[in-house]
Amino acid sequence: MYRIGIVSSESSRDWASGKLLKAANKLAEGRLVDPISFGMSMNGKPLIQVQSELIDSFDAFIVRGFNRSGEIDYQYEIFQLLEQRGKLVVNSPAALSVAESKAQTTYLLQQAGLPVPRTIVTQNLSEAVSAVNLFGTAVVKPLYGSFGIDIEKLSAENGEEFLSEFLDRHGVAYIQEYIPNDGRDIRAFVVGDDVPAAMYRIAHEGQWKTNVYQGSSCESCVLSIELREMSLTAAKTIGLDYTGVDIVEGPDGPVILEVNGAPYWHGLADTTNRNMAEDIVRHVLCTLSAGQSARQPSALMEQQRMCLNRTCIDSGNSL
């Protein structure tokens, strides 16, 4: 029987980790592990342990979050090493790193030909003001963040003071044109090569943010073929085995707002009665059974291919 570690530092408050643990114990064997409990030993033979137990007792890990009481970079490196040792880590460290940055995510999505809002990322106040002036109405977000926190909609008339304070706090501003819509967006939940559920997130009257954390309401959504393919392509581009893809239907067609590396799905669960945790665990078990690895960002895979070609050319070989 496969053994799956659910990686979370806040199991008592992390609703998703609890659901994943329950699903893992139903379909295989699950264990909740705190990332701060991982350690390394290089005393004659390199070893990685978790809570004094050798890592080889686990077949896969589903990473929900790191523990900020410890060193985040070190915890990230642990999962890179586990992946190198052949352990299945979902989502992969490389994909989590890309998905954490709104800038990298939007860059790769547009590079892949997917529709995204016009976006400018800057550390300079005058450039930030010019971006808002260019867009007329803009949405300013922290480069790293979630749940709709610290996100504001600005107009050219009232942007400079806010942007100055924003840059003082965050150091960089991620500025997107505001896409007019009917007060809702779509969360499409991708697992592997499927989109098992989707919902509309509807902002409260007088509000414009649609995050469930901000109190929006939810309705079930049946995706068109176009939106389904868009969601699947976005997940593959960022290299995510499971993700929530946020799409807004604007006057010129749908555009992708965000792709989430460790999405929650309580709104989907309440709206569709779909057990997303079991979908994710089944995908992990199928990946293990097939002997496959976790997905990687498409740009990273292309970079690795180019490096391999360059190595072969330099050594006088050809592929």
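Restricting to the range 124-135, name every residue that is surrounded by fewer than 17 Cβ atoms within 10 Å (Cβ to Cβ) and either in contact with a helix residue (DSSP H, G or I) (Cβ under 9 Å, 6 or more places away or on another chain) or within 18 Å of residue 101 (Cβ to Cβ) (or both). 124, 125, 133, listed by residue number. Look at the range 223-242: where a residue is within 14 Å of residue 296 (Cα to Cα) and a partner is part of a helix (DSSP H, G or I) and polar (S, T, N, Q), sitting 6+ places away or on another chain with Cβ atoms under 7 Å, you get 236/298; 237/298; 238/105; 239/298. Scanning the range 282-289 turns up one or more residues that are at pLDDT 90 or above and more than 24 Å from the chain's Cα centre (by Cα).
Condition first: within 24 Å of residue 251 (Cα to Cα) and surrounded by fewer than 16 Cβ atoms within 10 Å (Cβ to Cβ). Can you find one or more residues in the range 185-196 that meet it?
Quick first cut of the range 185-196, residues within 24 Å of residue 251 (Cα to Cα) only: 185-189.
Add one more test, that the residue is surrounded by fewer than 16 Cβ atoms within 10 Å (Cβ to Cβ), and what stays is none.
No, every residue in the range 185-196 fails to be within 24 Å of residue 251 (Cα to Cα) and surrounded by fewer than 16 Cβ atoms within 10 Å (Cβ to Cβ).
Kindly check whether there is at least one residue in the range 196-219 that is of a type in the set (Val, Ile, Thr), out of contact with any His (no Cβ under 9 Å at 6 or more places or on another chain) and modelled with pLDDT under 95.
Looking for residues that are of a type in the set (Val, Ile, Thr), out of contact with any His (no Cβ under 9 Å at 6 or more places or on another chain) and modelled with pLDDT under 95, one finds at least one in the range 196-219, hence yes.
Using the structure shown, decide if residue 312 is modelled with pLDDT under 95, more than 21 Å from residue 245 (Cα to Cα) and not hydroxyl-bearing (Ser, Thr, Tyr). Give the steps one after another, and end with the answer.
Details: modelled with pLDDT under 95: yes; more than 21 Å from residue 245 (Cα to Cα): yes; not hydroxyl-bearing (Ser, Thr, Tyr): yes.
For residue 312, the condition - modelled with pLDDT under 95, more than 21 Å from residue 245 (Cα to Cα) and not hydroxyl-bearing (Ser, Thr, Tyr) - is met.
Are any residues in the range 116-139 of a type outside the set (A, V, I, L, M, F, W, C) and either more than 11 Å from residue 173 (Cβ to Cβ) or not in a strand (DSSP E or B) (or both), and if so, which ones? Let's see the steps before the verdict.
Step one: of the range 116-139, the residues of a type outside the set (A, V, I, L, M, F, W, C) are 117-119, 122-124, 126-127, 130, 133, 136-137.
Answer for the range 116-139, where residues must be of a type outside the set (A, V, I, L, M, F, W, C) and either more than 11 Å from residue 173 (Cβ to Cβ) or not in a strand (DSSP E or B) (or both): 117, 118, 123, 124, 126, 127, 130, 133, 136, 137.
Scanning the range 226-279 for residues that are crowded, with 21+ Cβ neighbours inside 10 Å, in a helix (DSSP H, G or I), modelled with pLDDT of 95 or more and in contact with a helix residue (DSSP H, G or I) (Cβ under 7 Å, 6 or more places away or on another chain) yields 234, 237, 238, 276, 277.
Each residue in the range 74-103 was checked for being more than 25 Å from residue 237 (Cβ to Cβ) and part of a helix (DSSP H, G or I), and 4 of them qualify.
Output the number of residues of the range 44-54 satisfying the condition of being over 18 Å from residue 21 (Cα atoms) and surrounded by 13 or more Cβ atoms within 10 Å (Cβ to Cβ).
Of all residues in the range 44-54, those over 18 Å from residue 21 (Cα atoms) come to 44-49, 52-54.
Remaining after also requiring surrounded by 13 or more Cβ atoms within 10 Å (Cβ to Cβ): 47-49.
Summing the residues that are over 18 Å from residue 21 (Cα atoms) and surrounded by 13 or more Cβ atoms within 10 Å (Cβ to Cβ) in the range 44-54 gives 3.
The single condition among (1) of a type in the set (D, E, K, R); (2) over 30 Å from residue 169 (Cα atoms); (3) crowded, with 18+ Cβ neighbours inside 10 Å that residue 102 does not meet is (2).
Go through 188, 138 for me and flag whichever is in contact with a helix residue (DSSP H, G or I) (Cβ under 6 Å, 6 or more places away or on another chain) and farther than 16 Å from residue 246 by Cβ.
Of 188, 138, the one residue that is in contact with a helix residue (DSSP H, G or I) (Cβ under 6 Å, 6 or more places away or on another chain) and farther than 16 Å from residue 246 by Cβ is 138.
Taken together, 45, 26 contain a single residue that is modelled with pLDDT of 95 or more and more than 19 Å from the chain's Cα centre (by Cα), which is 26. Quick check on my filter: what residues within the range 280-298 are surrounded by fewer than 17 Cβ atoms within 10 Å (Cβ to Cβ) and either touching a Lys or Arg at 6+ places or on another chain (Cβ under 9 Å) or assigned to a loop (DSSP other than H, G, I, E, B) (or both)? 290, 291, 292, 293 - these are the residues of the range 280-298 that are surrounded by fewer than 17 Cβ atoms within 10 Å (Cβ to Cβ) and either touching a Lys or Arg at 6+ places or on another chain (Cβ under 9 Å) or assigned to a loop (DSSP other than H, G, I, E, B) (or both).
Please specify each residue of the range 161-177 satisfying the condition of being surrounded by fewer than 18 Cβ atoms within 10 Å (Cβ to Cβ) and not in a helix (DSSP H, G or I).
Of the residues in the range 161-177, the ones surrounded by fewer than 18 Cβ atoms within 10 Å (Cβ to Cβ) are 161-162, 164-165, 167-172.
Residues satisfying the conditions are 171, 172.
Within the range 28-60, can you find the residues that are part of a strand (DSSP E or B) and touching a residue at least 24 places away in the same chain (Cβ under 8 Å)? Across the range 28-60, the qualifying residues are 29, 30, 31, 32, 33, 38, 40, 48, 50, 60. Checking 139, 121 one by one, the residue that is among the β-branched types (Val, Ile, Thr) and open to solvent by less than 60 Å² (accessible area, probe 1.4 Å) is 139 and no other.
The values are calculated or read from the model by the stated rules, or taken from the named source; none is laboratory data. Fair warning: this is a prediction, and the values are worked out from it, not measured in the lab. Neighbour counts run over all protein chains shown; Cβ positions are idealised from the backbone, glycine included. Just so you know, the surface numbers come from the protein's heavy atoms only, side chains and all, with ligands and any DNA or RNA stripped out. Shrake-Rupley method; radii C 1.70, N 1.55, O 1.52, S 1.80 Å.
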